[in-house]
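Student: Below are the structure tokens for one structure; questions will follow.
FYI, it's all coordinate maths here, none of it is from the lab. Because the structure is predicted, anything quoted here is derived from the model rather than measured. Quick reminder, even Gly has a Cβ in these numbers, built from the backbone with ideal geometry, and neighbours come from all protein chains shown.
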Amino acid sequence: MSPCIRRTKVTQKGKKTMQMQEDTEEGNRDQMQMREDTEEDNRDQMQMREDTEEESRDQMQMREDTEEGNRDQMQMRETAEEGGGDFAYMREALALAGKAAEGGDVPIGCVIVHDGKVIGRGYNRRNADHSVLAHAELLAIREATGVIGDWRLEDCTMYVTLEPCQMCAGAIVQARIPKVVIGAMNPKAGCAGSVLNLLQLQAFNHQAEVTTGLLEEEASKQLKNFFARLRQEKGTSGNKVILE
């Protein structure tokens, strides 16, 4: 064999060997890239798991907070219904107001409490009795003074569903009632802070402690429902019934 042919074969063999090395190196690079991609995917999956676990913890905390809030609200309702005498007395006044509405009068109810016992009850009967004096507060005061045998109601608390008018506020002052608890305010005729505040007028010889907003939503809804029904029955959008 001639030297020229041998050199050609050696050269071709060297090229093949070099190509194999390059292919091997390229394969190694591909495998290394694959490992890096796999490791990056693993890191992404691990981060996703951590994010999911953190989100689950957040959701669990939110559920715990919601449950705790529900327990607090339930406890507040139980306290109001069981231990909160003010709520019970106002609910009784609301029930009396319902009787007024059944008779066609504006739903206003009132109770007077002495030593934890209701001694006076009244509900609006102005239309039923055809008397301007038949307001819930006045009827409750009349009954309460009859029970204790004195016109002074100095150790009593009045619960009324709507802010008293000037006549009833004056009677409260005259009866020396020391505390008045009100459901809804009456911006057009109320005299316990809306139009006037006769219950705390320093010029008088008696002032009453006033608490407002007890079961206000229920009291307001009761009044709104009454007037809505009245408008529907009369077929008019006007309202000629004056609250007090």
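Student: Can you give the translational diffusion coefficient of the range 72-208 in µm²/s, computed by Stokes-Einstein from the Kirkwood radius over Cα pairs at 37 °C and 0.692 mPa s?
Tutor: Value of D from the Cα-based Kirkwood radius: 218 µm²/s.
Student: Pull up the cross-link candidates among the aspartates and glutamates for LYS16, meaning alpha carbon to alpha carbon under 20 Å and not fewer than 8 places away within one chain.
Tutor: GLU25, GLU26
Student: Tell me which aspartates and glutamates have Cα within less than 13 Å of LYS15's Cα, excluding those fewer than 8 residues away on the same chain?
Tutor: Filter leaves ASP23.
Student: Sequence neighbours fewer than 8 away in the same chain don't count; with that in mind, list the aspartates and glutamates whose C-alpha is under 16 Å from LYS188.
Tutor: Answer for LYS188, where 16 Å is the Cα cut-off: GLU163, GLU244, listed by chain and number.
Student: Could you pull out the GluC sites (Glu not before Pro) across the range 91-155 that fall in loop regions by DSSP (anything but H, G, I, E, B) with no more than 15 other Cβ atoms inside 10 Å?
Tutor: Filter output for the range 91-155: GLU154.
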